[in-house]
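Working notes for the structure below.
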Amino acid sequence: MLIDSHCHLEYKGLVEDQDGVLARARQAGVGGFLSISTRQREWDQVIGTAERQADVWASVGIHPHEADGHADLGEAALLAATEHPRVIAIGETGLDYYYDHSDRAAQRALFRRHIAVARQTGLPLIVHTRDAEADTAAILTDEMEKGAYPALIHCFTASADFARTVLDLGLTISLSGSVTFKNAKALQDIAAGLPEDRVLVETDAPFLAPVPHRGQVCEPSFVADTARFVAGLRGENPDRLAERTTRNFTRLFTKAGL
């Protein structure tokens, strides 16, 4: 069994045929889905899907692109949302200096707020980082010194140095369809050497469809293609990689109850 550790089931391209999307993924061997929120107004919808579908769980958080619009969001709102039994993660949150859709100081402040809630609840923090390695690493390290919290870097596309930093902090790394791209040799080298107990697979659907689905709307079923590719990089049997990444998911996301 595989688990898609990061997908956006409420986004255009998936939500119109959500039942069909989930059915196709289950047929491909995907037995669990973590549906990610990116802004507060999505929380009820994401949680609602998790309530209806026994193999779907929800996260609550604010994407860095949305930081300016959530500057007043305090820890209390996040904490209250995490009380729902289907909410098993905080995020996605982090820093995105590539698009700069929100003020960088606002991104950093909101990122730290999410970390505080992850520390208080014990729920894993789902981290997005793009063109912001130095600040992301500095904040993760500084906050870890204040008290441990579980976390993962989703859709990892960063450097080997950043990978070593987050692994040293005890974080997990999740690989998306990006690792299958022909220009991703450096990322493939990193993926091949990740510790076996620190790797997850995801789609980030509806984005980043892996080879051989490039150019299509990405669906959670495609996580099977990414997993097969990663298994090949690591010289592993795909079934063994599926078993291991599922075990890693259950160990990290303990509230899922698997």
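Within segment 85-131, take every residue that is of a type in the set (Gly, Ala, Ser) and outside any strand (DSSP E or B) and give me the one that is farthest from Gly147 (Cα to Cα). Here the answer is Ser102. Among residues of segment 185-204 that are under 21 Å from Gly215 (Cβ atoms), those with a beta-carbon under 8 Å from a residue that is among the charged types (D, E, K, R) at least six positions away or on a different chain give the pairs Val201/Asp4; Glu202/Asp4; Thr203/Asp4; Thr203/Glu219.
When segment 134-163 is filtered for residues that are part of a helix (DSSP H, G or I), among the hydrophobic types (A, V, I, L, M, F, W, C) and surrounded by fewer than 17 Cβ atoms within 10 Å (Cβ to Cβ), the ones remaining, listed by number, are Ala134, Ala138, Ala160. Taken over segment 29-49, residues that are at negative phi and not in a helix (DSSP H, G or I) amount to 10.
The set of residues from segment 50-81 being part of a helix (DSSP H, G or I), surrounded by fewer than 20 Cβ atoms within 10 Å (Cβ to Cβ) and of a type outside the set (Asp, Glu) comprises Arg52, His65, Gly69, His70, Ala76, Ala77, Leu79, Ala80.
Each row is one residue, and each column tells you yes or no for (1) modelled with pLDDT of 95 or more; (2) of a type in the set (Gly, Ala, Ser); (3) within 17 Å of Val21 (Cα to Cα); (4) touching a strand residue (DSSP E or B) at 6+ places or on another chain (Cβ under 7 Å).
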| position | (1), (2), (3), (4) |
| --- | --- |
| Arg164 | yes, no, no, no |
| Thr172 | yes, no, no, yes |
| Gln188 | yes, no, no, no |
| Arg198 | yes, no, no, yes |
| Thr203 | yes, no, yes, yes |
| Ala209 | yes, yes, yes, no |
| His213 | yes, no, yes, no |
| Arg228 | yes, no, no, no |
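Inside segment 206-227, residues that are crowded, with 19+ Cβ neighbours inside 10 Å and out of contact with any Ser or Thr (no Cβ under 9 Å at 6 or more places or on another chain) make up a count of 2. You will find that of Ala58, Ala54, the residue that is of a type in the set (Gly, Ala, Ser), in contact with a Lys or Arg (Cβ under 7 Å, 6 or more places away or on another chain) and without any contact (Cβ under 8 Å) to a residue 40 or more places away in the chain is Ala58 and no other.
Scanning segment 82-92 for residues that are more than 17 Å from His128 (Cα to Cα), of a type in the set (D, E, K, R) and either crowded, with 19+ Cβ neighbours inside 10 Å or touching a strand residue (DSSP E or B) at 6+ places or on another chain (Cβ under 6 Å) (or both) yields one hit, Arg86.
Apart from one condition, Pro195 fits all of (1) over 20 Å from Ala132 (Cα atoms); (2) not in a loop (DSSP other than H, G, I, E, B); (3) not hydroxyl-bearing (Ser, Thr, Tyr); the exception is (2). In segment 8-28, the count of residues that are in a strand (DSSP E or B), in contact (Cβ under 8 Å) with a residue 24 or more places away in the chain, surrounded by 16 or more Cβ atoms within 10 Å (Cβ to Cβ) and hydrophobic (A, V, I, L, M, F, W, C) is zero. Total residues in segment 60-72 satisfying the condition of being modelled with pLDDT of 95 or more and either among the hydrophobic types (A, V, I, L, M, F, W, C) or out of contact with any helix residue (DSSP H, G or I) (no Cβ under 7 Å at 6 or more places or on another chain) (or both): the figure is 7. Scanning segment 93-111 turns up one or more residues that are on the phi > 0 side of the Ramachandran plot, touching a Pro at 6+ places or on another chain (Cβ under 6 Å) and either among the β-branched types (Val, Ile, Thr) or touching a residue at least 12 places away in the same chain (Cβ under 8 Å) (or both).
The values are calculated or read from the model by the stated rules, or taken from the named source; none is laboratory data. A quick note: this is a predicted structure, and the numbers were derived from the prediction, not measured. Glycine gets a Cβ as well: all are built from the backbone with ideal geometry, and neighbour counts include every protein chain shown.
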